[in-house]
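Working notes, beginning with the structure itself.
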Amino acid sequence: MANTGQTATAKTTRARIADHEWLDKDGAVVDAEEAAYGYRYTLKDVAESFEWNFDKASEDARRMLALFGAKTLATNESSGVRNSDKYNGDPNSQMDSVKSRFATIESGQWTEEREGGGVAVRIDKDALAQAICLVLVAEGKKTQADIDSGHKAKVRQKLEDDPQYVRKTRQVPQVATEYAKIVGRPTATVDDLDV
């Protein structure tokens, strides 16, 4: 074997050779898989892209692609758990992850909101609703009476129904801090800044 000048641990950076885009029913690019009805594949240095549209595909094409996708997704999900540093060696956790992922898709979402990478801890939406309500009261946006008389339930339902709302609330620093306290995750403090 020829020596390529790279060690076994060296990583190579590959140039991106293709673009992948989700398309809505009208062929416009969308960000979320949940909003897509089509797909565009564009190779660099090739003038014409490939587009696939769900509404124009035959029933056989839909079935075969769905089965291929299901097989690939199940394998990827299981492998992701198994290859994670957090994997505990229990194969049931792989199967649980696969079942959970397919249930999420069945509910109309591509993925659940997750924290971290790899085998991620799913966001505790009850704790997140509590954190949001604590911040709303602390900032004077709502009273505790408002929270107790139904606003918390509205927030919790919005977290269930709207993935964008989940993402947006997680970006509010006060909410992230309160959420971390509620779920028992340590957070950094000003004392951690001292060198």
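The values are calculated or read from the model by the stated rules, or taken from the named source; none is laboratory data. Here the structure is a predicted model, which means the values were calculated and not measured.
What to note about this one:
- Failed criterion for Gly27 (all others in (1) among the small types (Gly, Ala, Ser); (2) modelled with pLDDT under 90; (3) at positive phi hold): (2)
- Residue within the stretch 110-120 that is polar (S, T, N, Q) and at pLDDT below 95 present: yes
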